[in-house]
Amino acid sequence: MGKRALPAISLTSDVATVTGVATGEGLDEVFAHQVRHLGESSDIALGISTDGNCTNVLRGLRESQERGLLTIGLVGGDGGAIGRADLDHVLTARADDPRVVKEVHVTMYHILWELVHVFFEQPGALTPEVSA
């Protein structure tokens, strides 16, 4: 039937937290604040920005780096500030039209999801010899 569900938290879904942090600390801190309180070093932080210049996404990813999370950026255009940040992985949709970038991001997200499940189903597929 379906594939194994993966635990994930969307940092945009809790409206009370987002608006509370935005009011108290500023909009740029909405993701960094939540990472400080929820993130663990075994987690993955995925930041998505159509132009790579969303300050709140960048701040969240930088906070994630400081806390030892694996960081992944999905960006568009030339990658912007997020693309130039020293993240673990950056996937760039080289298009200026945000609608095209969003469609490419959806495809990238689904490919990443499938790859995670391949590694769950085939644990030996990702060995040091393969990834080197």
- prompt: Across the range 30-48, what is the total count of residues that are of a type in the set (D, E, K, R) and either surrounded by 19 or more Cβ atoms within 10 Å (Cβ to Cβ) or farther than 18 Å from residue 12 by Cβ (or both)?
  reply: 1
task: Select from the range 95-109 the residues that are outside any loop (DSSP other than H, G, I, E, B), over 21 Å from residue 69 (Cα atoms) and without any contact (Cβ under 8 Å) to a residue 40 or more places away in the chain and list them in ascending order.
output: 99, 100, 103, 104, 106, 107
field: Within the range 1-36, tally of residues that are part of a loop (DSSP other than H, G, I, E, B), of a type outside the set (D, E, K, R), out of contact with any Phe, Trp or Tyr (no Cβ under 9 Å at 6 or more places or on another chain) and farther than 15 Å from residue 64 by Cβ
entry: 6
query: So which of 46, 61, 74 ends up being part of a helix (DSSP H, G or I) and either closer than 25 Å to residue 103 by Cα or at pLDDT 95 or above (or both)?
result: 61
- line: Flagged in the range 75-109 as closer than 13 Å to residue 48 by Cα and acidic (Asp, Glu), in numbering order, are 103
statement: Residues of the range 49-64 being surrounded by fewer than 20 Cβ atoms within 10 Å (Cβ to Cβ) and under 17 Å from residue 106 (Cβ atoms), in sequence order, are 51
query: Which one is surrounded by the most Cβ atoms within 10 Å (Cβ to Cβ), of the residues in the range 77-94 that are touching a helix residue (DSSP H, G or I) at 6+ places or on another chain (Cβ under 6 Å) and assigned to a helix (DSSP H, G or I)?
result: 82
- prompt: What is the one condition in (1) without any contact (Cβ under 8 Å) to a residue 12 or more places away in the chain; (2) over 26 Å from residue 22 (Cβ atoms) that residue 66 does not satisfy?
  reply: (2)
message: Let me confirm something: among 19, 55, which residue is of a type in the set (Ser, Thr, Tyr) and touching a residue at least 12 places away in the same chain (Cβ under 8 Å)?
response: 55
message: Every residue in the range 121-132 that is at pLDDT below 85, assigned to a helix (DSSP H, G or I) and surrounded by 10 or more Cβ atoms within 10 Å (Cβ to Cβ), please.
response: 125
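The values are calculated or read from the model by the stated rules, or taken from the named source; none is laboratory data. Just so it is clear, the structure is predicted and the values come from calculations on it, not from any experiment. For neighbour counting, all protein chains shown are included, and Cβ atoms are generated from backbone atoms with ideal geometry for every residue, glycine included.
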